[in-house]
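The values are calculated or read from the model by the stated rules, or taken from the named source; none is laboratory data. Keep in mind the model is a prediction, meaning the values are calculated, not measured. Here the Cβ is made from the backbone with ideal geometry for all residues, glycine too, and neighbour counts use every protein chain on show. Areas reflect the complete protein model, heavy atoms only, side chains present, ligands, DNA and RNA absent. Shrake-Rupley method; radii C 1.70, N 1.55, O 1.52, S 1.80 Å.
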Amino acid sequence: MANGQEMIMDADPTPPLDQAAEARRRLAAHTAPPASFWALQAVGCTLVAGLPIWMSLLALDGRHLQWVLVAVAVAAAALSWVRRRRTGVTLPRWASSYPSARRPRVVVLIVTVLGLIAIHTLVGQGQVGLALAVLGPVALASLCGYLWVHAAMRRDIESGRVRA
């Protein structure tokens, strides 16, 4: 009490920092892709990682490869556009904008590239069966890597460490 009068408390008991933290948590929740995204991501990872295998098994030439890559790129761009329209949230897409996602992104890129080199080498040596056996773990590692990077990005959004 000051001068015999009661102090009037603010109607909102939540401090501004708690409100900002809650807003960041809600924003991070809106950026989480649906399960269908991860299913499409798994299919896309398998198709792209197995391109040398599919080309050798189906006797495709370079013209068809270009169309497959165009279809994958158009599908990825359409999915990204639909997600932004649905959520109304536009955040930086590059992992370099998220400090915690930099190291996981580099690890994922290295593992994926090494896996793709292994698949390409095996197909070049005529060991398509072994390349098919390697395809599953490479696609799974790539998908798990995307999940790892996305989780790091989400943590950075929640903590407010995103750089434009």
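For this structure, a couple of remarks:
- Of the residues in the range 155-164, not one is among the polar types (S, T, N, Q) and in a loop (DSSP other than H, G, I, E, B).
- Considering the range 91-107, the residues that are modelled with pLDDT under 90 and hydrophobic (A, V, I, L, M, F, W, C) include one that is farthest from TYR146 (Cα to Cα), namely LEU91.
- Single residue of the range 80-90 satisfying the filter (over 12 Å from the mean Cα position of the chain (by Cα), in a helix (DSSP H, G or I) and not basic (Lys, Arg)) that is modelled with the lowest pLDDT: THR87
- Residue in the range 34-59 that is nearest to LEU143 (Cα to Cα), counting only those that are assigned to a loop (DSSP other than H, G, I, E, B) and open to solvent by 60 Å² or more (accessible area, probe 1.4 Å): LEU58
- Any hit, the range 121-141, residues being of a type in the set (Gly, Ala, Ser) and at pLDDT below 75: no
Table: residues versus (1) closer than 24 Å to PHE37 by Cβ; (2) in contact with an Asp or Glu (Cβ under 6 Å, 6 or more places away or on another chain); (3) open to solvent by less than 80 Å² (accessible area, probe 1.4 Å).
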residue: GLN125; (1), (2), (3): no, no, no
residue: LEU132; (1), (2), (3): no, no, yes
residue: LEU135; (1), (2), (3): yes, no, yes
residue: ARG155; (1), (2), (3): yes, no, no
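- Among residues of the range 120-132 that are touching a residue at least 24 places away in the same chain (Cβ under 8 Å), those with a Cβ under 8 angstrom from a residue that is outside any loop (DSSP other than H, G, I, E, B) and open to solvent by 80 Å² or more (accessible area, probe 1.4 Å), sequence gap 6+ or separate chain, pair up as VAL128/LEU57.
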